[in-house]
Amino acid sequence: MSTTVDHAAATGSTDSQPASGDSQAHQVLALIAQHRLLTTTQLHRMVTPHLPPRKIHKVLVPLREDGLITHATLPGRLQAHFLTPAGHQTVAEWPELRGRNPTPIHSPAAALLRAGHILTGARAHVAFLTDARTRGDEYQPLDWVPEITHRLPDTAGEDRLVADAVFHYTATSPRRLQYRAFVEIDRATMSSERLARKLITYARFHDYTPQPTSRRGTVGDQAALLAWQRVYPRFPRILFILTGAHRTTLTNRIADLHSMATGHELVARMAARVPLGAAILEDLETHGPQAPVWTPLTGAAKPRGWTEL
């Protein structure tokens, strides 16, 4: 089957519609490449939610036999799949992955070390995807892009912003609206202060204007754009998704985010223009992202859906 996937990717042929199995194999490889690691259940919910869960194995087994994917076994005997070197070579030139160069996972041991953070992000993505399908909104499995890096001025020893993910979402009712969001996944593995400081990094990116340079490397006179305006038509909203601790602990961490957003001058200036919100992952999975489970990080507003922040 890998021959079919490779041939379609290499030739870009549109002479015939690919068989369903081939199309699903392509989606699975692209999704594993983009996320680096996904469980069988997550792949089922992303690619074949309309089919019984066991059907996803008919896609995974041939890919494993062809040497394109392998897996690590997580606690509870759950399998998490990642690409082999041959799998990375197969997807390297696929258009949907252009510009993506995530650090590959080379072994089951490495997969186990990274599984917690990567798979938690995928859980959040599945919550948005499931809700979007229910609502008839436009949000596809590849619209959640993990680990997006933006350069920042070299101050305080930190010269880049690394967002856990950026996603693109189009609501279709009651009117068509496009949304973008930076996502930060918090599993309560860092201090609350360190988590809140991420808002300062986002605020620096929001205000950062690179010095325009001429071809000779000197400062030019062309109109300067804010760094984010070279990538986004509007600065994405910032969503913090928390899990991994008792609800009281997570609520306190959200309160610390709120304090940073209102008490730090640079962050407060950004917050006046950019929607900021935080929610507990289990609430997203139970009620859906559009439910009033998001706490706005400015003011004293009541919880709301993520598009209403």
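The values are calculated or read from the model by the stated rules, or taken from the named source; none is laboratory data. Everything numeric in this text was worked out from a predicted model, so none of it was measured. Surface accessibility is based on the protein's heavy atoms, side chains included, excluding ligands, DNA and RNA. Shrake-Rupley method; radii C 1.70, N 1.55, O 1.52, S 1.80 Å.
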Among Thr248, Thr298, Thr39, which one shows the biggest mean-square fluctuation in a GNM of the chain, springs joining Cα atoms closer than 10 Å?
Thr248
Return the percentage of antiparallel bridges among DSSP beta bridges fully within the chain, rounded to the nearest 5 %.
70 percent
Matching label for the computed P(r) over Cα pairs in 20 Å bins from 0, in percent, out of (i) 33, 60, 7; (ii) 30, 56, 15, 0; (iii) 26, 32, 20, 15, 7, 0, is (ii)
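More than 18 Å apart: what percent of Cα pairs in the stretch 79-156 qualify?
Cα-Cα pairs of the stretch 79-156 separated by over 18 Å account for 58 percent.
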So which residue, out of Tyr232, Tyr179, Tyr208, gets the largest mean-square fluctuation from a GNM of the chain using Cα contacts under 10 Å as springs?
Tyr232
So what is the 222 nm mean residue ellipticity for the chain from helices alone, if each DSSP H run of at least 4 adds -39500 (n - 2.57) and you divide by all residues, rounding to the nearest 500 deg cm²/dmol?
-12500 deg cm²/dmol
Keeping every protein chain present and rolling a 1.4 Å probe, give me the accessible area per residue for the chain in Å².
52 Å²
Compute the long axis of helix 2-11 from its Cα atoms, compare it with the longest principal axis of the Cα atoms of the chain, and write down the angle in degrees, 0 to 90, nearest 10.
60 degrees
Ignoring any ligand, DNA or RNA, what whole percent of the accessible area of the chain comes from carbon and sulfur when the probe is 1.4 angstrom?
50 percent
